[in-house]
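The structure under discussion appears below in the form of structure tokens.
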């Protein structure tokens, strides 16, 4: 008999800069209940208005290095060009999943690679912009960056987009509402698997199948 014990699902969302990942994941959290955003640890200092434990868990370099040595991170990385690092707590993610809660990770493709290696059951989702022109428009922003900076961002984004084959799902963020509906559908489909739906429906299954021992 299948194991019907409740356990949450892990969703990993990655995208090149300018694809709209953050806006989509925030909207997903607002539209789907029981989905928790994993709060990363970081060595950078809080910005005005940021709260420890809400935007990030702010720790010093010594504590971050201790967590690395103790293998407490599911994934971690140092942001290129900066001194600060980011990491996802293995214990925090596992605690939510064990309680039957679904968890959302918003990380880069390299972090997604590490998460999939550690937890192959994680559902990985990659978001792409609708075109190079639109991507460049988004990266250009308010027009304050030089052509060299924009070119460097485009080059980085192109390298990131080449990783799309590594992901389970691919979403094109052309129309925001449609892309959001696709994200919601992925979460809903995962929750409808027998391993998840069955755990939440033991009483119903037992009433429908009185001669079978359920659970």
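The numbers here are math on the coordinates, done by the rules we state, and not lab data. Remember, it's a predicted structure, so these values are computed and weren't measured experimentally. Methodologically, a virtual Cβ is constructed for each residue, glycine included, from the backbone with ideal geometry; neighbour enumeration extends over all protein chains shown.
In 10 Å bins starting at 0, how do the alpha-carbon pair distances of the stretch 73-181 split up by percent?
With 10 Å bins starting at 0, P(r) equals 12, 35, 35, 16, 2.
Can you run the Rg to Rh ratio on the stretch 135-189? Use alpha carbon positions and the Kirkwood inverse-distance Rh.
Details: Rg = 14.6 Å, Rh = 13.3 Å.
Answer for the stretch 135-189: 1.09.
Once all Cα-Cα distances of the stretch 1-96 are split into 10 Å bins that start at 0, what whole-number percent is in each one?
So the P(r) values, bin by bin, are 13, 39, 35, 11, 2, 0.
Pop the C-beta distance of residue 149 and residue 22 into the FRET formula with R0 = 25 Å and round what comes out to the nearest 0.05.
Working: r = 20 Å, r/R0 = 0.80.
Efficiency, from the Cβ-Cβ distance: 0.80.
Can you tell me, using C-alpha contacts under 8 Å and at least 6 residues apart, the relative contact order of the stretch 1-104 as a whole percent? Present the calculation step by step, with values, prior to reporting the outcome.
Details: 134 pairs, mean separation 41.4, N = 104.
Relative CO of the stretch 1-104 lands at 40 percent.
Restricting to DSSP H runs of at least four residues, report the calculated mean residue ellipticity at 222 nm for the chain, -39500 (n - 2.57) per run over all residues, nearest 500 deg cm²/dmol.
Details: 9 runs with 93 residues, N = 215.
Result for the chain: -13000 deg cm²/dmol, rounded to the nearest 500.
Using the 10 angstrom Cβ neighbour count as an exposure proxy, how do 149, 103, 39 rank, fewest first? Write down the numbers at each step before the final one.
On the way: 149 12, 103 21, 39 15.
Final ranking by Cβ density, sparse to dense: 149, 39, 103.
Expressed as a rounded percentage, what relative contact order does the chain have, with Cα pairs under 8 Å and six or more residues apart? Intermediate values should be presented prior to the final figure.
Numbers: 308 pairs, mean separation 68.9, N = 215.
About 32 percent, as a whole number.
Distances over 15 Å make up what percent of all Cα-Cα pairs in the stretch 14-58?
The answer is 57 percent, as a whole percent.
Say we join alpha carbon atoms closer than 10 Å with springs in a Gaussian network model of the chain; which of 24, 128, 193 then has the biggest fluctuation?
Of 24, 128, 193, the Gaussian network model singles out 193 as fluctuating most.
Which of 129, 120, 48 moves the most in a Gaussian network model of the chain with Cα springs under 10 Å?
Looking only at 129, 120, 48, the biggest GNM fluctuation is shown by 48.
Using every pair of alpha-carbon atoms in the stretch 1-160, split the distances into 5 Å bins beginning at 0 and state the percent of pairs per bin, rounded to integers.
Histogram of Cα-Cα distances, whole percents per bin: 2, 8, 15, 18, 19, 17, 12, 6, 3, 1, 0, 0, 0.
With no solvent and one point on each alpha carbon, what is the Debye value of log10 I(q)/I(0) for the stretch 42-134 at q = 0.10, 0.15 Å⁻¹?
These q points yield log10 I(q)/I(0) values of -0.32, -0.70.
Out of the DSSP beta bridges found with both residues in the chain, what percent are antiparallel (nearest 5)?
Working: 7 of 25 bridges.
Restricted to the chain, the bridges split so that about 30 percent are antiparallel.
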